[in-house]
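Participant: Provided herewith is a single structure, encoded as structure tokens, for subsequent inquiry.
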Amino acid sequence: MTGKGKIRLYIAAAIAFVCLAGWIALLYVQKAQEEKGWEHEFLTRYHAALNDMASDLEHFEEAETFEGQLSCLEAITNDLVQLKAHMEMHINLAGISMPEKTASGVDMAGWREAESVIGLVNRGGTVDSCQIASFQADGAISEEEAAVIQLLKAETDRLYGDMTVPDENGMNYKYVLSSIEVYQRLTAIFQDMKAQLIRINRK
């Protein structure tokens, strides 16, 4: 091969390398943009769901009759079903697109804790050999059962407040927790609720 041929070969190889590097960089940028997009999407969903539930939890505390409590409990259940759906969709997407962030210390089935609590509150059931009655089984919501809802309110209010801080202009807010952190906090809340349900039904 002549000297000019070698030069052309080197130039072609250099161009191919630059194109490949650029293509790889573009893929990383696209992946980062996609992750940032769905990260914000799920944070927004969690934030909105917690905000909606806060109002229903407040109404539950203010209810003065069993019928009023049941009506509020139905609304809270609907909020929990929506929250559970967000958790399930979120963690499944995260497990596929960001396995490195879910490989250690993240309960991939955490959304099932929400599903379990919803079922126990509305229908009752058995957990760890403990028979748990639904909240409406005896025609009244006991103080201990109301305390479970109060736990939900206290912890979700705290999470809602922890999720954001005012932005630099003080006009809006920005998220300071990751969506995975919110998911883990919610999982822990539902685990605590289930543990409290077990305690009050073993007395």
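Every number here is computed from the coordinates shown, using simple stated rules; none is lab data. On a predicted model such as this, the values are computed, not experimentally measured, just so you know. Methodologically, a virtual Cβ is constructed for each residue, glycine included, from the backbone with ideal geometry; neighbour enumeration extends over all protein chains shown.
Participant: Over the range 43-201, what is the relative contact order in percent, taking alpha-carbon pairs closer than 8 angstrom and at least six residues apart?
Facilitator: Across the range 43-201, relative contact order equals 26 percent.
Participant: At a Förster radius of 41 Å, what calculated FRET efficiency corresponds to the Cβ-Cβ distance of Ser134 and His40, to the nearest 0.05?
Facilitator: Here the calculated transfer efficiency is 0.65.
Participant: OK, next. Full extension from Leu70 to Ala147: what is 0.36 nm times the residue separation minus their Cα-Cα distance, to one decimal in nm?
Facilitator: Length gained, Leu70 through Ala147: 26.2 nm.
Participant: Ok, one more. Working out 0.36 nm times the residue gap between Asn51 and Asp157, then minus their Cα-Cα distance, what length gain in nm do you get to one decimal?
Facilitator: 37.3 nm
Participant: Shifting gears a bit: If we sort 178-186, 44-52, 123-131 on the protection proxy, mean other Cβ atoms within 10 Å, highest first, what's the order? Mind showing how you got there, number by number?
Facilitator: Values: 178-186: 20.2, 44-52: 17.1, 123-131: 12.0.
The peptides rank, most packed first, as 178-186, 44-52, 123-131.
Participant: Further question: What FRET efficiency comes out for Glu62 versus Arg123 if R0 is 22 angstrom and r is the Cβ-Cβ distance? Round to the nearest 0.05.
Facilitator: The calculated FRET efficiency here is 0.30.
Participant: Now a separate question. So for each of 138-147, 78-87 I average, over its residues, the number of other beta carbons within 10 Å; can you give me the resulting order with the highest mean first?
Facilitator: Going from most to least packed, we get 78-87, 138-147.
Participant: Can you compute log10 of I(q)/I(0) for the range 43-201 with the Debye formula, treating each Cα as one identical point scatterer, at q = 0.16 Å⁻¹?
Facilitator: For the requested q values the scattering log ratios are -0.91.
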